[in-house]
1. If you check Val144, Val132, Val121, which single one turns out to be touching a His at 6+ places or on another chain (Cβ under 8 Å) and either at negative phi or in contact (Cβ under 8 Å) with a residue 24 or more places away in the chain (or both)?
2. Surrounded by fewer than 16 Cβ atoms within 10 Å (Cβ to Cβ) and more than 27 Å from Glu73 (Cα to Cα): does that describe Glu103?
3. Please determine whether any residue of segment 151-173 is open to solvent by 40 Å² or more (accessible area, probe 1.4 Å), farther than 30 Å from Asp47 by Cβ and either touching an Asp or Glu at 6+ places or on another chain (Cβ under 8 Å) or of a type in the set (Gly, Ala, Ser) (or both).
4. List the number of the failed condition for Arg108; all other conditions in (1) of a type in the set (Lys, Arg); (2) closer than 20 Å to Glu53 by Cβ; (3) surrounded by fewer than 13 Cβ atoms within 10 Å (Cβ to Cβ) hold.
Amino acid sequence: MTTTGTTRVRHAALPLAVLALLAAGCGTHRAGEEAAAAAPSRSAAQDLPCPSESPAPPHRSTADTPPADHYAENNGFKVPLPLHGKARCDGLAAAERIKSALETLRTRGDFSPASTRSALVRLGHPADRIRVSENGTTGVAFLVDTAPLCLEGTMSPDSVSADAFAGYPDHTGCEQPRGGH
């Protein structure tokens with residue numbers, strides 16, 4: 001190769017190296033992600049009401065409103081993934097069974113983590129997949145990690161809550177991720 005040919009290769013290599021670095025990025029933003037996030041997924045479009053589910057109020061889109069800061073963008077990895085199809089109905093049914101079982105404890109004023117764990121085990125959840133913690137002096141928080149079905153909620157003197165979801169975008173399991181990128 002001549003000196004002129006070597007020089008051309010060097011001049012071509014620099015823009016290619018810069019392009020490769022820009023294309024690699026940190027892996028958090030790809031072309032078309034906004035459009036994909038704004039459009040309902042194929043699974044979400046096929047979700048029908050589950051048995052005994054009350055109709056949800058119409059969803060109001062916030063896609064036209066730009067965020068005031070980057071909090072939502074930088075913390076999106078902490079947002080639970082929704083369940084779809086049969087898994088969604090199974091999750092809603094499991095959450096209702098949990099609410100019913102814990103409502104009995106709530107009305108008795110039993111907010112001990114041990115009683116909560118026992119009630120969840122009696123519902124058929126594996127004991128080693130249940131985390132229960134005190135939530136103040138008269139409250140309990142719980143997480144049932146049977147990913148891809150995750151169930152979490154709280155019990156207090158005022159109410160019992162239980163939600164079902166499909167984990168988190170950046171890792172497996174049902175624990176909310178910490179940190180970020």
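The values are calculated or read from the model by the stated rules, or taken from the named source; none is laboratory data. What you see is a predicted model; the values in this text were computed from it and never measured. With ideal geometry, Cβ positions are generated from the backbone for all residues, glycine too; neighbour counts draw on all protein chains shown. Calculation scope for accessible area: heavy atoms of the full protein, side chains included, ligands and nucleic acids excluded. Shrake-Rupley method; radii C 1.70, N 1.55, O 1.52, S 1.80 Å.
1. Values: Val132 fails: touching a His at 6+ places or on another chain (Cβ under 8 Å); Val121 fails: touching a His at 6+ places or on another chain (Cβ under 8 Å).
Sole residue among the options that is touching a His at 6+ places or on another chain (Cβ under 8 Å) and either at negative phi or in contact (Cβ under 8 Å) with a residue 24 or more places away in the chain (or both): Val144.
2. On the way: surrounded by fewer than 16 Cβ atoms within 10 Å (Cβ to Cβ): yes; more than 27 Å from Glu73 (Cα to Cα): yes.
Yes.
3. no
4. (2)
Let's see how each residue does on (1) at pLDDT 75 or above; (2) open to solvent by less than 80 Å² (accessible area, probe 1.4 Å); (3) in contact with a helix residue (DSSP H, G or I) (Cβ under 8 Å, 6 or more places away or on another chain); (4) at positive phi:
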residue: Ala44; (1), (2), (3), (4): no, yes, no, no
residue: Cys50; (1), (2), (3), (4): yes, yes, yes, no
residue: Pro55; (1), (2), (3), (4): no, no, no, no
residue: His59; (1), (2), (3), (4): no, no, no, no
residue: Thr65; (1), (2), (3), (4): no, no, no, no
residue: His70; (1), (2), (3), (4): yes, no, no, no
residue: Asn74; (1), (2), (3), (4): yes, no, no, no
residue: Lys78; (1), (2), (3), (4): yes, yes, no, no
residue: Leu81; (1), (2), (3), (4): yes, yes, no, no
